[in-house]
Each structure stands twice: as structure tokens, then as C-alpha cells.
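Engineer: I'd like to ask some things about the structure below.
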Amino acid sequence: MMTNDELPRRSLRELIQSCSGTSQDIRNSRRFTLWCLAWALAYVGAHWTLKADLELATALVWLLVSTPILLMIATVFSYANFLRNADELLQKIQMQGLAMGFGAGVVFVTGYQLLEAAGASEMQTDHLLIVMIFSWVAGQLHGSWRYR
């Protein structure tokens, strides 16, 4: 059995691609990524527009608020489809990433509540989202490295 020192060195891209699963997994992953990008663009656009203190019609405000929410719901369904159809190794890697993201979110929220009680400024949900997403990605990268 090879030790970690004996394994060939790979770039980060090669590491990720080696644990990408089947061609269907890659297609589903790309579909999920496109949904994520659509949501992110809609969210940022809506956030900036709503923060600009423009005189907007009520219907436009509702459209700006509901579009990112609906896109995120579609993103969640796309990710669920990706997981459901992924091969077992890819599912395991994704579950490790989800566990790390969720765990980091719980630690961050409960820890920051204590910091707020000690006098820190109020937590913004954007910070929680960033912690969870980066931890999710770190968990996926660790899983990809672990099962290479």
C-alpha cells in the first residue's frame, strides 16, 4: 500500500476532477453551479437595488424579493437531484462537505451569540452564509483529498 508521500502530487484542479464522478454527475454539478450563479446574481442585484432607496412600485419590490428566493429553491432542488444521482464516492464527499458546513454554522452562530452577550456587534446573516459555504467547500476538498 502506498503512503501519502509516495502518491503523485496533483494540482487542486486535478484533485477535484478525480472525484467528480460520472459524466452525469459532472452535468448535474454544472447545472447546480449555474443555478448558484443565477441565484447569486439575482441576490446581489436585488440587494443593491433595494438598499439604494429608490422609489420602487410595490410590485417591483415583491419581484426583487421573490426572484432570488425562488432561484434558491430551484438551486436546492438541483443540488438534491445532483446528490440523488451521484455515485457513492461523490455522495460521501458531498456529505462530508455538508457536515462541515452545517457544523461550522452551528459553532459560528452559538459562539457569536456569546460574543454578542459579551458586547460584540450584532451578527449579520451574510457572515454566517460565508462561514457555511467556505466550510462546505473545505469539507468537499478534504473529502476529495482523502479519497483520491
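Only the coordinates and a few stated rules stand behind these numbers; no lab work does. Fair warning: this is a prediction, and the values are worked out from it, not measured in the lab. Here Cβ is always computed from backbone atoms with ideal geometry, including for glycine, and neighbour counts include all displayed protein chains.
Engineer: For a quick check: sort 66, 78, 23 by the number of other beta carbons within 10 angstrom, fewest at the front.
Structural biologist: 23, 66, 78
Engineer: Sorting 134, 32 on the 10 Å Cβ count, fewest up front, what's the list?
Structural biologist: 134, 32
Engineer: Around residue 128, under 15 Å between beta carbons, what's the net of Lys plus Arg minus Asp minus Glu among the other residues?
Structural biologist: Every neighbour counted, the sum reads -3.
Engineer: Another one. Once the Cα gyration tensor of segment 22-86 is diagonalised, what are the square roots of 5 times its eigenvalues, in whole Å and ordered largest first, as equivalent ellipsoid semi-axes?
Structural biologist: 31, 10, 6
Engineer: Could you compute the net charge surrounding residue 139? Neighbours are other residues with a C-beta less than 13 Å from the C-beta of residue 139; K and R count +1, D and E count -1.
Structural biologist: That sum, taken over residues with Cβ under 13 Å, equals +2.
Engineer: Could you give the size of the charge dipole of the chain about its Cα centre, using +1 on the Cβ of each K and R and -1 on the Cβ of each D and E, expressed in debye and rounded to the nearest 20?
Structural biologist: Using only the charged Cβ atoms, the result is roughly 560 debye.
Engineer: Now a separate question. So what's the chain giving for Rg/Rh, alpha carbon basis, Kirkwood Rh from the mean inverse pair distance?
Structural biologist: Radius of gyration relative to Kirkwood radius: 1.07.
Engineer: Across segment 70-79, in residue order, what do the Karplus-derived ³J(HN,Hα) couplings come to in whole Hz, using 6.51 cos²θ - 1.76 cosθ + 1.60 with θ = phi - 60° and x for Gly and Pro?
Structural biologist: Each residue's phi maps through the Karplus curve to give 5, 5, 5, 4, 5, 5, 5, 5, 5, 5 Hz.
Engineer: Now for a separate question. For residue 87, list long-range residues whose amide hydrogen, built 1.01 Å from N in the peptide plane, is under 5 Å from its own amide hydrogen.
Structural biologist: So residue 87 has HN proximity to 22.
Engineer: When only C-alpha pairs under 8 Å and at least 6 residues apart count, what is the relative contact order of the chain, in percent?
Structural biologist: Averaging sequence separation for qualifying contacts and normalising by length gives 32 percent for the chain.
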